[in-house]
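Engineer: Before anything else, here's the structure in question.
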Amino acid sequence: MCGIVGYLGEQEAFPLLIKGLKRLEYRGYDSAGIAILDDDGSLEHHRRKGKVDDLLEHMNGHKPSGGLGIGHTRWATHGPPNDVNAHPHLSGDGQLALIHNGIIENYHSLKETLTGRGHTFYSDTDTEVLVHLIEEILKNSEDLDLFEATRIALNEVVGAYAIAVVDVGRPHELVLARKSSPLVIGIGEGEFFIASDATPIIEYTKNVVYLEDEEVARVSLTAGLKIRTIKNHKVTPVITELEMAMESIEKGGYEHFMLKEIHEQPRSIADCLRGRLRLGHGSIRMAGIDDHQEMWSQAQRLIIVACGTSWHAGLIAEYMFEDFARIPVEVEYASEFRYRNPVIGEGDILIAISQSGETADTLAAIRMAKEKGAHVFGICNVVGSSISRESHSGAYTHAGPEIGVASTKAFTAQLAVLALVAIRVGRLRGKLDEQRFNRLLVELSGIPEKVQALMALEPEIEQIAEQFMKAPNALFLGRGYNFPVALEGALKLKEISYIHAEGYPAAEMKHGPIALIDENMPVFFVATQDAHYDKVVSNIQEVKARGGRVVAIVTAGDTEASALADKVIEIHRSDDAFVPLLSTIPFQLLSYHIAVKLGRNVDQPRNLAKSVTVE
Ligand code: G6P
C-alpha cells in the first residue's frame, strides 16, 4: 500500500531511488514520483500516473543529479490516480517535499484550518495537508528545524503514516516518521537508505533500524541518526542485522515472481518445517509454544484473525485444531472482528496470520485482543514486521520475500506452520496419541517432495488453462479441508485474471450456485479421496447432469470422479489435513497460466496491493 524510498549520501540518489521503487512497486503501482535535491541546491520534482516505467518515460532520459532524494509508488486512497495526486507533495513555498504511506484521518479539518491561513491545495490527497502543516509550523517559529516541526505537526495528526521529508534548506538531512505503516532505515558507511521494507536496502547494507510507532527520525550526514517519539522522548536506535538474501528478491530466470514463488514451494515448505519438525526425536520444537506450554494446554478457545489468502489459511487451521487438539476455534476476518464487540479475554489465544505482518486490520485486531487480555500468537512471513513485533509470541513462516501480489508460497508456508502448531498443541493437550502424532510427523515431512512432484503437472495444467481461459465465470467447490482450498482457488483466479469466480462448500452448491451451471460454466472440484469423497462425486454428477464442464483434482489412481470429469489433475495421497498443501498448487498454476494467456499483469494485478496497510 504505497512504497516509500529515500537516500542520503555520496552516491547519485536517482538510480537508487528508481531501483528501490521498482522493488517496492508490488505495494502499489498507480503512480510514481521522486524529488531530488540537486547539486546546485534546487529541488527536482517529477511525478506521473502509472508505473515507475511511465515516470521514466515521462522524464525522457533526464537523470537528476544529487545525493538526497525521496521516491514514492502509490496505491490510491484519497483522490484518483493522476499526476497531481502522485507523491511527493510540496509545501506552498516549494521548500519541502514529502512522501507518505497511510491515511491522515483528520485531513479535512486540518485542510480547513490551513486554507484559512492562506494555504492553497492542488491535489485531492490527505498527504498534501501534512507538508503544509509542517510548513506552517516552520513559518511560525524560526527557531524550529525540520525535525522539530515534523514532530510537532504529527501531534496534530490522527491516522497512519510513514513519511519522509526533504527540506531544500537542509541538504544534508532527511526526516522520517512512522505510525502504523512500516519504515526501515538502512545504515551504510556515511549514507542512509530508507524504505517501506528491506527489499530495496538489502543490496547496500544489512544494518537496519526499524522505526517504531510514533517515532520521528532524522538522518544526517553530519550528525548521524537521531530518534525521538512524537511526544519528545529520546529513543536509542537499535540496529538489527537483515538475514534476507539478494537472490530471494530477484526473478531468478522466471518470467514472473508469481511463477517463481509457486515453484519455490517445495523449498519454502521445507524451510518452514526445518528445525521444528524433528522426525528423529519424534517431536516438534516451536519456541512460541514450548515457552508457553501451560497457556496452550489450558486455553479455552482459539480465535484466528486474518485477511485475504491468510484468512483461508486460518479456515484450514480451524479444521486442524479441531481434529488434532479438540479445541474450539473461531476464524474471523480481522476487519469484522475489530469493529465488533467480541467476547475475548484471558484464557483465549488469538492467532494472527499475515504474510506481510503489516495488514492494518489484522494489526488493529491484535491490539484490541491484547487490550482485552488475550495472548497473541503471530504467524508472519516478513521478519521484523509490525505484527511479529507486537505479538506476545509467534512463529515465522520462513517462506522468503513474496513479491507477486497474489499470495502462493506464503499461503502454503502458513499451512505448514499451522499444521505444526495444531499437532504440537494436540499432543500437549493429550488429544493425539503417540502413534498418530508420529504418523502425522512422517506425513508432513514428506509434503515438500509431493509438492515438488506436482510441478511436473504444469504443461498439463497449461493446456487446461488454454481451454478455460475464455470463461467469464468459474465455480470452485470442495468439502472439509478442501472447502477453503476452493475459496483460495477462486480468489487466485479472480485476482489475477479478472474472471469472476466463486468458491463454495460443494454441498452448498444446491443452495444457489447450481442455478448458474450450464455448458459455459467451468466447475473446478477438489475431489480427493477423503472422508467426503462419495459426497463430492455426487456433486460432480449433479453438475454434469446440468451440462457443466468439470475439472477435478483427484487422488492418484482415482477412477470414479475421474470417469465423470472432463479434465482430471492427479495429486498424491496424503493425510486429509495436509491435502490442502497439495490441492492448492494446481489452482495456483491454473490461475497463473490463464492470467498470462489473457495478457494480464500477473505480478501486479489492477487495483490490488500486496500489503493493505490502510483499513
Ligand atoms: C492483500 C494481498 C493478499 C493477502 C492479503 C492479506 O489483499 O493482496 O495476497 O492475502 O492482503 O495480507 P497479509 O499480508 O496480512 O497476509
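The values are calculated or read from the model by the stated rules, or taken from the named source; none is laboratory data. Just so it is clear, the model here is predicted, and its values are computed rather than measured. We place every Cβ from the backbone using ideal geometry, glycine too, and count neighbours over all the protein chains shown.
Engineer: I'd like to verify a number: residues in segment 106-137 that are touching a residue at least 24 places away in the same chain (Cβ under 8 Å), in contact with a helix residue (DSSP H, G or I) (Cβ under 6 Å, 6 or more places away or on another chain) and either in a loop (DSSP other than H, G, I, E, B) or among the aliphatic types (A, V, I, L, M) (or both), how many?
Structural biologist: Count: 6.
Quick grid of which residues meet (1) surrounded by fewer than 14 Cβ atoms within 10 Å (Cβ to Cβ); (2) aliphatic (A, V, I, L, M):
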| residue | (1), (2) |
| --- | --- |
| LEU277 | no, yes |
| SER283 | no, no |
| ILE289 | no, yes |
| HIS292 | no, no |
| GLN300 | yes, no |
| VAL305 | no, yes |
| MET320 | no, yes |
| ILE327 | no, yes |
| SER335 | no, no |
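Engineer: Another one. Look through THR205, THR222, THR199 and report the one residue that is polar (S, T, N, Q), on the phi < 0 side of the Ramachandran plot and touching a Gly at 6+ places or on another chain (Cβ under 7 Å). Full working, then the answer.
Structural biologist: Values: THR222 fails: touching a Gly at 6+ places or on another chain (Cβ under 7 Å); THR199 fails: touching a Gly at 6+ places or on another chain (Cβ under 7 Å).
When all the criteria are applied, what remains is THR205.
Engineer: Tell me which residues, restricted to segment 89-131, are modelled with pLDDT of 95 or more, among the charged types (D, E, K, R) and crowded, with 23+ Cβ neighbours inside 10 Å.
Structural biologist: GLU128
Engineer: In segment 11-47, which residues are more than 19 Å from ALA164 (Cα to Cα) and of a type outside the set (Phe, Trp, Tyr)?
Structural biologist: Narrowing segment 11-47 to residues more than 19 Å from ALA164 (Cα to Cα): 26, 30, 39-40.
Once the filter is applied, which keeps residues that are more than 19 Å from ALA164 (Cα to Cα) and of a type outside the set (Phe, Trp, Tyr), segment 11-47 yields ASP30, ASP39, ASP40.
Engineer: Which number in (1) surrounded by 12 or more Cβ atoms within 10 Å (Cβ to Cβ); (2) over 16 Å from VAL417 (Cα atoms) marks the one condition that GLN265 misses?
Structural biologist: Going through (1) surrounded by 12 or more Cβ atoms within 10 Å (Cβ to Cβ); (2) over 16 Å from VAL417 (Cα atoms) one by one, GLN265 breaks only (2).
Engineer: A further question on this structure: Of the residues ILE327, ILE351, which single one is within 16 Å of the ligand (Cβ to nearest atom) and either in contact (Cβ under 8 Å) with a residue 40 or more places away in the chain or assigned to a loop (DSSP other than H, G, I, E, B) (or both)?
Structural biologist: Answer to the check: ILE351.
Engineer: Tell me, please, whether a residue that is touching an Asp or Glu at 6+ places or on another chain (Cβ under 8 Å), over 29 Å from HIS256 (Cα atoms) and charged (D, E, K, R) can be found in segment 365-384.
Structural biologist: The answer is yes; a qualifying residue exists.
Engineer: Consider segment 330-348. How many of its residues are of a type outside the set (Phe, Trp, Tyr), within 16 Å of the ligand (Cβ to nearest atom) and farther than 26 Å from TYR210 by Cβ?
Structural biologist: First, the residues of segment 330-348 that are of a type outside the set (Phe, Trp, Tyr): 330-332, 334-336, 338, 340-348.
Restricting the remaining residues to those that are within 16 Å of the ligand (Cβ to nearest atom) gives 331-332, 334-336, 338.
Subsequent filtering for residues that are farther than 26 Å from TYR210 by Cβ retains 331-332, 336.
Summing the residues that are of a type outside the set (Phe, Trp, Tyr), within 16 Å of the ligand (Cβ to nearest atom) and farther than 26 Å from TYR210 by Cβ in segment 330-348 gives 3.
Engineer: Also, I was wondering about something else. Here are the criteria: (1) of a type outside the set (Asp, Glu); (2) away from the ligand (no atom under 14 Å from the Cβ); (3) at pLDDT 95 or above. Tell me which single one LEU315 does not satisfy.
Structural biologist: Just one mismatch for LEU315, condition (2).
Engineer: Please go through segment 504-530 and give me each residue that is surrounded by fewer than 24 Cβ atoms within 10 Å (Cβ to Cβ) and within 28 Å of the chain's Cα centre (by Cα), ordered by number.
Structural biologist: Passing the criteria: TYR504, PRO505.
Engineer: Which of the residues spanning segment 195-225 are assigned to a strand (DSSP E or B) and of a type outside the set (Asp, Glu)?
Structural biologist: Across segment 195-225, the qualifying residues are ALA195, ASN207, VAL208, VAL209, TYR210, VAL216, ALA217, ARG218, VAL219, SER220, GLY224, LEU225.
Engineer: Select from segment 488-515 the residues that are in a helix (DSSP H, G or I) and away from the ligand (no atom under 16 Å from the Cβ) and list them in ascending order.
Structural biologist: ALA506, ALA507, GLU508, MET509, LYS510, HIS511, PRO513, ILE514, ALA515
Engineer: Here's another thing I want to ask about it. Among the numbered conditions (1) surrounded by fewer than 18 Cβ atoms within 10 Å (Cβ to Cβ); (2) under 12 Å from the mean Cα position of the chain (by Cα), tell me where SER354 comes up short.
Structural biologist: Unmet for SER354, out of (1) surrounded by fewer than 18 Cβ atoms within 10 Å (Cβ to Cβ); (2) under 12 Å from the mean Cα position of the chain (by Cα): (1).
Engineer: What about ILE18, is it within 29 Å of MET246 (Cα to Cα), β-branched (Val, Ile, Thr) and in contact (Cβ under 8 Å) with a residue 40 or more places away in the chain?
Structural biologist: yes
Engineer: Residues in segment 592-615 that are more than 11 Å from the ligand (Cβ to nearest atom) and over 17 Å from GLY489 (Cα atoms): how many?
Structural biologist: Here the count works out to 8.
Engineer: Right, something else. In the list VAL209, VAL168, which residue meets the criterion of being farther than 22 Å from VAL612 by Cβ, surrounded by fewer than 20 Cβ atoms within 10 Å (Cβ to Cβ) and at pLDDT 95 or above?
Structural biologist: VAL168
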